[in-house]
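Input: a single structure, listed below in structure tokens.
No value in this document is a laboratory result; all are computed from the given coordinates. These numbers come from a predicted model, not from an experiment. Heads up, the Cβs are rebuilt from the backbone with ideal geometry, glycines too, and the neighbour counts pull from every protein chain shown.
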Amino acid sequence: MLSAKLFNATTIFYMASTLVFFGYLAGRNKHVGTAASALAWIGFVVQTAAIGLRWKESYDIGLGHAPMSNLYESVVFFAWSIVLIFGIIDIKYKYRIIGAFVMPFALMGMAWAQLYLPTDINPLMPALQSNWLLYHVITCFLGYAAFAVACGVSIMYLIKAKSEEKGNEAAGGLMSQFPPTRALDDLNYKAIMVGFPLLTLGIITGAAWANYAWGTYWSWDPKETWSLIVWFVYAAFLHARFTKGWVGKRAAWLSIIGFAATIFCYLGVNLLLSGLHSYGNMS
Amino acid sequence: MSTNQRGFVQQVWDFFCSLKLTLFLLITLAITSIIGTVIPQYPNIDERYWATISAGRKALYEKLGFFDMYHSWWFLALLALFCINLIACSIKRLPHVFKFVSEPATTISETQQKIFPCKELKLEGSLDASRDKLAAFLGARFATPTITQVGNQYHLFAQKNAWCRLGVYVVHFSILVIMAGTIIGNIGGYKGFVAIVEGETINMVKARNGKDVPLGFEVKCDQFTVSFYDAPGGGGPSQMPKEFKSILTLTENGKEIPGYKHVRVVVNEPLTYKGITFYQSSYGQANDPSQFFFTVKQRESGKSEQVVLRPGSQTRLPDGRSASIVDLTDNPGEGLAAVLGVSDKGAEPKFFKVYKNNPGLDDLRGDRLIFTFTGTDARMYTGLQVNKDPGVWVVWAGCLMMCLGLCIAFFMSHKRVWIVVQHGYARIYGNASKNQPAFLTEFERLAEELQKQTI
């Protein structure tokens, strides 16, 4: 199928983008940065086409559903969302360099999906046959992606802050390429500010769907509970920031913890615990 | 009240209002919630689980409520404390914010003049004429200003979206609304289950607390069917279910209800009548079959006929042999299958399996008779989840409120502009509650436009 080839191409573009971003980090040549971003964008366009095509292909084989129904499709969509959020930040705030810390997440997702996950288009079991699937998955994954970006930015913050503490701020050092710590801290907050309402919407659409399919909007299923845990962590982040002035290092750590919880909510729950979200079955 | 007592009351109040408590609760709720995702929860505990933990540990978990953690007294207490904290914080802070929004300070203080971004412009007209022109400008380009005289200065003050400072309280209030919705649902509603055999009628359901709840009307199951996806590559249906479908008919005191005759209920498309909703949730066979239906085709002549086999008795086949049903299996991956024993007079019977979902397969056996298993006379039952939840709309209203509140709180900004008018010159100041860089661009454009005018 053509979509499979395009997904392979996407993975290669993301890998190239990541490598060129690393080169940008080391060489500080502006054109290298532009090239890295361009590769990410090309990969994004190819991936968008591939997702669209896979959607069409599912109709061709008579199943006809959005490509967001199993683990493979969700990982691919996660990678797509991460690049989208990075692209928006690249355009809006011009901090291209954060790509070096965000694109690896997208690359890891695509590489894992392409190399290890079964790529078949499966028929939808009755519980998944609903328009809520689309709304629920899109809001959740855009939220997750925003948290991924916040986590990447937070890692940058910690590296930069550490080097500043050591007094390595000699002109021309690797760190001079990083945005100022204040900007990184602000970006961390901005990404979470976008992710938090999306996660909220994701939880609500999930609850609405559960109510429609099973008659319970909340049943403390492990997936539901973990999404609430993630929500609590970021709510704590926001309150600590607004009222206790938790900025900088502590905010960065909280953001990293939040993303770890997000990844557990997304993958850990399916692979390690049991519950309603069936796509965790790897076979 | 003595000073001591007042001091104590004050301390308790401060405790409930404190943001330290908020952070403690958010983090404690996050951490304790993990317990119930790792330890199995009632009523979904597999019997085999008990063998994996010691009796001492079981007793300890039982005592701590870990097997129904989210309804344990301490978890509910945490949630209640969370609500009290929310309410107390709002009572403490809301009046200040409300006052700030409804009665804004219309003059700009010395301190604010030092820290807010500022632009200066020269004035040519008289003080009063300039003041009026500036007021008209602000009114047209930003918002209608309030004019206050301070000594020999005029302070023009205009603001936009002041109410967005209340957004965060909308979010906080929405949490209380959602909690209220769940409580209403718990008190005024129930969750139950009912299994209805095809052709039968029920008027009660079993609630989760074990009580029988009368519905006030009757539900008849006309039919239940499972359909399967086609197997990839053709060759009949696969084992992957496509749809579980119940056809129900509702009656009230035996009388038909318009629009509720032969209604389809499938997963994701529930049926609601009088606030009670029926969800397709499970199914099964209601009784052991006594008749098995087959189509038997003679290989040579190609003639087909219907044959009914019964367990425990021999049936004569078209070619003179006799057959009986030995077993009925339903293994995952192969679906319903009948095991037949066919014997010639006096000889040992031959046993073979006929698959219901794979009609072409028996041809491969090479026998002179080809069997197709078409079904049994067993009746199906449909399992329906039955809910009454008068609080669910309150919950949705709360969710909507939360989304709106979050958008207001995160993406809208309270923008303020002051113009201090003096003889000969004026200064314009600006401030926004959020997204300073974006506001600065807007503010500079406003100031630039102002500087171009002759005032």
Which whole-Hz couplings ³J(HN,Hα) result when phi for each residue of region B:257-267 is put into the Karplus expression 6.51 cos²θ - 1.76 cosθ + 1.60, θ = phi - 60°, listed in order with x for Gly and Pro? 10, x, x, 10, 9, 6, 8, 8, 10, 10, 4
Output row, site B:ALA129, 7 Å Cα→C-beta label point, backbone N cut-off 17 Å, window region B:411-455, residues B:422-426, B:453-455
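Counting each pair of different Cα atoms once, what's the Kirkwood radius of the protein assembly as shown in Å, rounded to one decimal?
Values: mean 1/r = 0.0320 Å⁻¹.
Every distinct Cα pair counted, the radius reaches 31.3 Å.
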Which of B:THR111, B:THR106 has the fewest Cβ neighbours within 10 Å, and the rest in rising order: B:THR111, B:THR106
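Based on the Cβ-Cβ distance from B:ILE27 to B:MET240, what FRET efficiency comes out when R0 is 41 Å, to the nearest 0.05? Present the calculation step by step, with values, prior to reporting the outcome.
Details: r = 43 Å, r/R0 = 1.05.
In this case the efficiency is close to 0.45.
Counting other beta carbons within 10 Å of each Cβ, put A:SER81, B:SER109, A:SER219 in order, fewest first.
Working: A:SER81 24, B:SER109 11, A:SER219 17.
So the ranking, lowest neighbour count to highest, is B:SER109, A:SER219, A:SER81.
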Which net charge results when you count Lys and Arg as +1 and Asp and Glu as -1 among the other residues whose beta-carbon is under 12 Å from that of A:LYS244? +3
Once the Cα atoms of helix B:167-188 and of chain B are each reduced to a long axis, what angle between those two axes, in degrees from 0 to 90 to the nearest 10, is obtained? 30
How many angstrom separate the Cα center of region B:408-455 from the Cα center of region B:374-396? 60
Cβ density ranking, 10 Å radius, fewest first, applied to B:GLU300, B:GLU243, B:GLU62 yields B:GLU300, B:GLU62, B:GLU243
Take the Cβ-Cβ distance between A:THR34 and B:GLN113 as r, set R0 to 45 Å, and report the resulting FRET efficiency rounded to the nearest 0.05. 0.55
Candidate lysines for bridging to A:LYS5, where Cα separation is under 28 Å - those fewer than 8 sequence places away on the same chain excluded: A:LYS56
In sequence order, calculated HN-Hα J values of region B:39-52 (Karplus, 6.51, -1.76, 1.60; Hz; x Gly/Pro): 8, x, 10, 4, x, 9, 8, 5, 4, 5, 4, 4, 6, 8
Using a Cα-Cα cut-off of under 18 Å, which lysines could be cross-linked to A:LYS249, ignoring same-chain neighbours fewer than 8 residues away? A:LYS160, A:LYS162, A:LYS166, A:LYS190
Per the rule of 0.36 nm per residue minus the C-alpha distance, extending B:GLN422 to B:ASN4 adds in nm 145.1 nm
Cα-projected label distance for B:TRP50 with A:LYS5, points at 7 Å along beta-carbon direction, nm: 6.0
How far is helix B:19-38 tilted, in degrees, relative to the longest principal axis of the Cα atoms in chain B, given as a value from 0 to 90 rounded to the nearest 10? 10
Pick out, from A:GLY64, A:VAL75, A:PHE105, the residue whose Cα sits farthest towards the positive end of the charge dipole of region A:43-112, with +1 on the Cβ of Lys and Arg and -1 on the Cβ of Asp and Glu. A:PHE105
Can you run phi through the Karplus equation (6.51, -1.76, 1.60; θ = phi - 60°) for region B:351-358 and list ³J(HN,Hα) in whole Hz, with x for Gly and Pro? 10, 7, 10, 10, 8, 5, 8, 9
Tilt of helix B:436-452 relative to the longest C-alpha principal axis of chain B, in degrees (0 to 90, nearest 10)? 40
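Would you kindly state how much longer the chain becomes between B:ASP230 and B:ASN152 on full extension, computed as 0.36 nm times their sequence separation minus their alpha carbon distance, in nm to one decimal?
Numbers: separation 78, 0.36 × 78 = 28.08 nm, distance 8.67 nm.
Answer, rounded to one decimal: 19.4 nm.
Past 29 Å, Cα to Cα, is the threshold; run B:LYS297/B:LYS350; B:LYS160/B:LYS452; A:LYS92/B:LYS415; B:LYS92/B:LYS119; B:LYS211/B:LYS274 against it and keep the listed order.
Going by Cα-Cα distance, B:LYS92/B:LYS119 fall outside the 29 Å limit.
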Amide H neighbours of A:THR216 at under 5 Å, excluding residues fewer than 5 places away on the same chain, with H built from the backbone geometry, are A:ASN211
Using amide H atoms built in the peptide plane, which far-off residues or other-chain residues are under 5 Å from A:TRP246 H to H? A:ARG241
